[in-house]
Structures are given as C-alpha cells and as structure tokens.
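*Asks:* Dropping the structure in here first, questions after.
The values are calculated or read from the model by the stated rules, or taken from the named source; none is laboratory data. Worth saying up front: this structure is predicted, and the values here are computed from it rather than measured. We place every Cβ from the backbone using ideal geometry, glycine too, and count neighbours over all the protein chains shown. Areas reflect the complete protein model, heavy atoms only, side chains present, ligands, DNA and RNA absent. Shrake-Rupley method; radii C 1.70, N 1.55, O 1.52, S 1.80 Å.
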Amino acid sequence: MNGTKTKKPLPRLAPGRHILLLASAAVIAAHLLTRRNHALNRWLSDSCVRPLHRALCRVTALLPFSAAELLIGLAAIGLTVYIITSAIRLFRQDHKTRQVYIMLITLASAALAVYAGFCLLWGVFYYGDDFAARSGLRSDPVSVEELRSVTAYFAGLCNEYADKVPRDENGCCASDRTQILAKSSEVYAAAARRYPCLEGPAVRAKGVFFSRLLSYTDFTGFFFPFTAEANVNTDFPAALFAATTAHELAHQRGVAKEQEANFCAVLASLEYGDPDYCYSACMLAYTHLGNALFGADREAWEEVYGMLSEPVLRDFAASRDYWARFRTPVQTVSNTVYEGFLHSYDQELGLKSYGACVDLLVNYYAGNEIFGSIEPVQPAQ
C-alpha cells in the first residue's frame with residue numbers, strides 16, 4: 001500500500017444528501033402523477049393536511065412573532081453563509097470538481113426537500129375539493145346587468161362604512177393594524193357557522209416585521225404551510241389591511257385558490273360586522289367587481305364609479321400611490337415567478353385569477369335576500 005487515499009466516485013460523496021434528493025424527487029413525482037386523482041387529494045387535504053395545520057397553528061400561535069418569517073430569515077442567512085464558505089473552501093483546496101459537486105448536491109437536495117414539503121402541505125389542496133365544492137355556492141357566469149347591480153351595491157357599502165372607520169389628517173383610512181390583527185381570531189366565527197368548511201382554530205394572523213421587503217416583491221401577505229401561519233404585510237395603506245388579513249386566514253382554513261380566498265375574505269368580514277373589516281372587505285370587493293365592469297361595460301363603470309364618496313376615492317388613491325413606489329425590476333421578477341407558480345398549479349388565469357372571485361360575489365350577493373332589500377345606491381354628493 002502506498003498510503004494514498006482512494007477517491008470516492010462523485011455519486012458516493014455526501015450519501016445523506018443523495019438520499020434526501022432522491023426521496024424528495026420521489027415525493028414530487030408522486031404528487032405530479034396523482035394530481036388528477038381527486039379522491040386521493042381530497043383525502044390527503046381533508047384527513048391529513050388540514051388536521052396537521054390546525055395543530056401547527058395552535059402551536060405557532062403561542063409565539064408573539066411570525067415563526068415563518070424567522071425560518072425564512074434563518075434559511076436566507078444559512079444559504080448565504082453556506083455559499084460564501086463553500087466558495088472560500090473551493091478557492092483554497094484541491095479537488096475543485098468534488099467541492100463543486102458537493103455544493104450543488106447540497107443546494108439541490110435542500111431545494112427539492114422544501115418543494116416536496118410544499119407539495120404535501122399545500123399543493124394537494126389545489127386538487128381536492130375547492131371552496132365552491134365544499135360550500136355548495138355557485139360561481140356561474142354572470143350577466144353585465146347583474147355585475148353592474150352588485151358593483152353598485154358594494155359602492156354603496158363602501159360609502160356607508162367609509163364614515164365608520166377612523167381617518168388621519170389627510171382624510172385617509174387610519175384603522176389600527178394592531179387592533180385588526182388582535183380581532184382576527186374572531187373573523188371567521190360567523191361565516192363558519194353558515195359554512196362549516198371554513199371552521200378552524202381561533203388564532204390570530206401575524207404581522208411581518210420586515211413588511212417593507214414584502215412590498216418590494218408586491219406581496220400583501222402569505223400563508224406559510226410549514227408553520228400554518230397567516231402572515232400579513234403591515235406597511236401598505238390601512239384601507240385594505242383587514243381584508244388582506246381575512247384573505248390569509250382563508251388560506252389557513254384550506255382555501256387554496258386565490259379567487260376563492262378573496263371571496264371568503266369578503267364574506268367572513270361582512271358576516272363579522274366589525275366596521276374596519278366591513279369597510280376593507282367592501283373595498284376589496286369593489287376593486288374586483290369594478291375592474292370586471294370596466295372591461296364589460298365602460299359606461300356602466302363610469303356611472304357606478306361616480307357613486308363613490310370622496311373618502312373612498314382618497315383611500316383608493318393612497319393605495320395606488322403607495323404601490324407605484326415599488327414598481328421595480330424586483331417586483332416584476334416576483335410577479336413573473338408567482339404567476340408561473342399559479343400556472344403550475346393549473347390556475348390558468350395566472351395573476352388575473354384574483355379577479356375570478358367576481359363570479360362568486362355576483363352569484364352570492366345578487367341572489368341574497370338582503371341584496372334585494374337594499375335601496376339603489378345614489379351618486380355621492
């Protein structure tokens with residue numbers, strides 16, 4: 001023997017990372033192959049993942065901060081440190097090919113493990129029963145006249161609730177975000193009695209400490225399936241903050257599709273009855289209904305838009321001005337990536353699918369007996 005070490009073949013380096021890579025790839029492949037198996041995905045989401053999320057969110061609710069934000073931050077720091085130290089090691093040592101291979105297999109196994117976990121803890125919801133199926137609500141195509149009527153209805157509600165929320169020196173909504181988050185555990189109580197599929201633990205949504213970073217990526221909030229937390233950006237204007245909170249809480253209750261989460265946010269907030277939540281929900285509903293009406297009948301949109309009161313118009317202007325500051329390449333890349341994600345889960349409208357809640361809103365409120373008793377909305381003075 002000459003005392004030299006025998007080099008291991010590249011595939012035999014870091015065996016644990018290879019096993020993790022293969023196991024994660026197998027989970028992802030199984031998820032992709034069984035997407036059309038509705039019964040399996042319904043069982044996985046209803047009998048496995050939802051109970052797990054209920055247990056997880058009860059645990060993470062004990063923390064006064066977002067565990068999701070902490071984990072993401074630690075992962076970002078760990079990734080940066082690993083890449084830097086690996087680059088230094090690569091520069092200083094021989095066998096550069098082996099070092100590069102170990103670094104790549106480490107990064108690949110970590111990325112696939114995270115995505116495999118995402119498939120199991122969230123992806124299955126897209127292929128089981130959606131909210132419309134579980135609730136029995138209709139999302140049939142709607143007529144332009146129905147769309148105009150319901151848009152006008154929500155314009156009137158915006159005007160009504162605009163006078164019930166606090167306002168700052170500029171006349172813009174100044175609802176207390178801390179109080180909105182404190183009340184968030186109660187938001188779905190009434191809606192869940194009407195639609196049991198919305199039942200879930202009475203836990204609060206979490207504000208994100210580094211919210212300005214979320215704004216740069218054009219995110220108002222996110223649901224983190226690994227901790228089952230509803231996380232909300234606390235930096236953008238207050239008028240839509242409560243509705244965003246309700247939207248993320250809908251995801252926490254297993255409503256995966258964005259358009260359905262928007263509808264649930266409106267429904268739950270109005271059923272809850274709190275002025276901050278009601279005003280925000282009406283603003284959210286009018287946004288989607290108004291956008292749809294603009295495309296369907298410009299003249300009808302102008303008529304309904306003219307009904308909005310000055311405080312409501314100021315809040316919409318404040319929101320536009322805020323988000324205009326973040327129109328950067330970072331936001332463009334973020335939107336492109338997220339739209340690709342929605343397409344990958346058969347959300348064919350991509351980011352436009354957020355407006356598909358219009359069908360649910362119109363079908364629900366045009367057929368609601370309360371809607372029929374509302375007086376026609378008059379133009380704001």
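*Asks:* Quick check on Val81: is it farther than 24 Å from Ile28 by Cα, surrounded by fewer than 12 Cβ atoms within 10 Å (Cβ to Cβ), free of Cβ contacts under 8 Å to residues at least 60 places away in the same chain and of a type in the set (A, V, I, L, M)? Even if it seems obvious, please write down each step before you answer.
*Replies:* Values: farther than 24 Å from Ile28 by Cα: yes; surrounded by fewer than 12 Cβ atoms within 10 Å (Cβ to Cβ): yes; free of Cβ contacts under 8 Å to residues at least 60 places away in the same chain: yes; of a type in the set (A, V, I, L, M): yes.
So Val81 passes the test.
*Asks:* Within the range 154-193, track down each residue that is among the polar types (S, T, N, Q) and within 11 Å of Ala242 (Cα to Cα).
*Replies:* Here is the first cut: in the range 154-193, the ones among the polar types (S, T, N, Q) are 159, 170, 175, 178-179, 184-185.
Result: Ser175, Thr178, Gln179, Ser184.
*Asks:* Show the residue pairs meeting these rules: Cβ distance below 6 Å; 6+ apart or different chains; first residue within the range 124-141 and without any contact (Cβ under 8 Å) to a residue 24 or more places away in the chain; second residue open to solvent by 20 Å² or more (accessible area, probe 1.4 Å).
*Replies:* Close Cβ pairs (under 6 Å, with a partner that is open to solvent by 20 Å² or more (accessible area, probe 1.4 Å)) do not exist here.
*Asks:* Kindly provide the set of residues from the range 216-237 that are in a helix (DSSP H, G or I) and either charged (D, E, K, R) or closer than 21 Å to Leu284 by Cβ (or both), ordered by number.
*Replies:* Of the residues in the range 216-237, the ones in a helix (DSSP H, G or I) are 216.
Selection gives nothing.
*Asks:* Here's something else I'd like to know. Looking at (1) exposed (fewer than 15 other Cβ atoms within 10 Å of the Cβ); (2) at positive phi; (3) of a type in the set (Gly, Ala, Ser), which one does Ala14 not meet, given that it meets all the others?
*Replies:* Every condition holds for Ala14 apart from (1).
*Asks:* Failed condition for Val203, given (1) under 18 Å from Phe131 (Cα atoms); (2) touching a strand residue (DSSP E or B) at 6+ places or on another chain (Cβ under 9 Å); (3) among the hydrophobic types (A, V, I, L, M, F, W, C), with all others met?
*Replies:* Just one mismatch for Val203, condition (1).
*Asks:* Which one is farthest from Leu181 (Cα to Cα) among residues in the range 45-73 that are β-branched (Val, Ile, Thr) and open to solvent by 50 Å² or more (accessible area, probe 1.4 Å)? Outline the logic, then answer.
*Replies:* Taking the range 45-73 as the starting set, the residues that turn out to be β-branched (Val, Ile, Thr) are 49, 59-60, 72.
From the residues that got through so far, the ones that are open to solvent by 50 Å² or more (accessible area, probe 1.4 Å) too are 59, 72.
Numbers: Val59: 18, Ile72: 21 Å.
It comes out as Ile72.
Residue-wise test of (1) small (Gly, Ala, Ser); (2) closer than 22 Å to Lys257 by Cβ.
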| site | (1), (2) |
| --- | --- |
| Ala162 | yes, no |
| Val165 | no, no |
| Ala182 | yes, no |
| Ser185 | yes, no |
| Phe209 | no, no |
| Phe223 | no, yes |
| Thr234 | no, no |
| Pro237 | no, no |
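*Asks:* With the requirement that a residue be β-branched (Val, Ile, Thr), under 20 Å from the mean Cα position of the chain (by Cα) and open to solvent by 30 Å² or more (accessible area, probe 1.4 Å), what does the range 108-161 give you? Spell out the reasoning first.
*Replies:* Filtering the range 108-161 down to residues β-branched (Val, Ile, Thr) leaves 114, 124, 142, 144, 150-151.
Within this subset, residues satisfying the condition of being under 20 Å from the mean Cα position of the chain (by Cα) are 114, 124.
The answer is Val114, and nothing else.
*Asks:* If you don't mind, another one. Would you mind finding the one in Leu213, Leu240 that is part of a helix (DSSP H, G or I) and closer than 17 Å to Leu284 by Cα? Full working, then the answer.
*Replies:* Values: Leu213 fails: closer than 17 Å to Leu284 by Cα.
One residue alone meets the criteria, Leu240.
*Asks:* Quick one: is Gly73 at pLDDT 95 or above and within 30 Å of Thr34 (Cα to Cα)?
*Replies:* No; evaluated as a whole, the condition is false for this residue.
*Asks:* Turning to a different aspect of this structure: In the range 168-181, which residues are open to solvent by 30 Å² or more (accessible area, probe 1.4 Å) and either on the phi > 0 side of the Ramachandran plot or part of a helix (DSSP H, G or I) (or both)?
*Replies:* Step one: of the range 168-181, the residues open to solvent by 30 Å² or more (accessible area, probe 1.4 Å) are 168-170, 174, 176-179.
Listed by number, the residues that qualify are Arg177, Thr178, Gln179.
*Asks:* Here's something else I'd like to know. If I ask for residues that are part of a loop (DSSP other than H, G, I, E, B), free of Cβ contacts under 8 Å to residues at least 60 places away in the same chain and surrounded by fewer than 19 Cβ atoms within 10 Å (Cβ to Cβ), which ones from the range 193-210 would you list? Let's see the steps before the verdict.
*Replies:* First pass over the range 193-210, keeping only residues part of a loop (DSSP other than H, G, I, E, B): 195, 199-205, 209-210.
Add one more test, that the residue is free of Cβ contacts under 8 Å to residues at least 60 places away in the same chain, and what stays is 199, 202, 205.
Within the range 193-210, Glu199, Ala202 qualify.
*Asks:* Just checking, which of Ser269, Ser211 is farther than 22 Å from Asp359 by Cα and among the small types (Gly, Ala, Ser)?
*Replies:* Ser211
*Asks:* Tell me the residue from Ala243, Ala228 that is in contact with a Leu (Cβ under 7 Å, 6 or more places away or on another chain), on the phi > 0 side of the Ramachandran plot, at pLDDT 95 or above and open to solvent by less than 10 Å² (accessible area, probe 1.4 Å), please.
*Replies:* None of the others qualify; the one that does is Ala228.
*Asks:* Moving to a separate point now. What residue, of Ala281, Ala238, Ala324, Ala318, is among the small types (Gly, Ala, Ser) and in contact with a helix residue (DSSP H, G or I) (Cβ under 6 Å, 6 or more places away or on another chain)?
*Replies:* The match here is Ala281.
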